[in-house]
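**Q** Right, I'll just put the structure down here and ask away after.
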């Protein structure tokens, strides 16, 4: 067989046209390029959907879970409103209400443990023999001396006197 051109073909063919039976290099290059681009666009798409979660990485656990759920809903439903809501929630820093409550709970637990240890100490000493006491000294006088208290008028009586 001769490698002659068809009579309808031009004398000069572009370089991407291959002869029959040879490997089409441009086709193979384009397959690799398209597969690579699909892979890269997929990575970019998934990274973009994970952006709110990356932004809220330092946030509280509850906020991160809400943002993650909104991101997944946006990914599976292709409803961008959920992704925008997740992005806005990631930008907002909520106040930490749990830390002061945990601190109060720790302090109360510490106080309760201290009282428990005091009760244990008292119960441990309740069964111990009493210490030897010194003999009591005789009172100097037979009757206690009472000191009278000075009592002023009641507060409501003062107001009545001021008006009258």
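**Q** Could you calculate the contour length gain from residue 93 to residue 32, that is, 0.36 nm times the residue separation minus the distance between their Cα atoms, to one decimal place in nm?
**A** Details: separation 61, 0.36 × 61 = 21.96 nm, distance 4.45 nm.
Going from the current span to full extension adds 17.5 nm.
**Q** For region 27-83, what ratio Rg/Rh do Cα atoms give with a Kirkwood hydrodynamic radius?
**A** 1.19
**Q** Run the simple label-point estimate for residue 41 and residue 16 please: 7 Å along Cα→C-beta, distance reported in nm.
**A** 1.8 nm
**Q** Can you order the peptides 99-110, 57-68, 6-17, 79-90 by their average number of other Cβ atoms within 10 Å per residue, highest first?
**A** Per-residue mean Cβ counts within 10 Å order the peptides as 79-90, 57-68, 99-110, 6-17.
Every number here is computed from the coordinates shown, using simple stated rules; none is lab data. It should be emphasised that the depicted structure is a prediction, and the values quoted were computed from it without experimental measurement. Don't worry about glycine lacking a Cβ; one is built from the backbone with ideal geometry, like all the others, and counts go over all protein chains shown.
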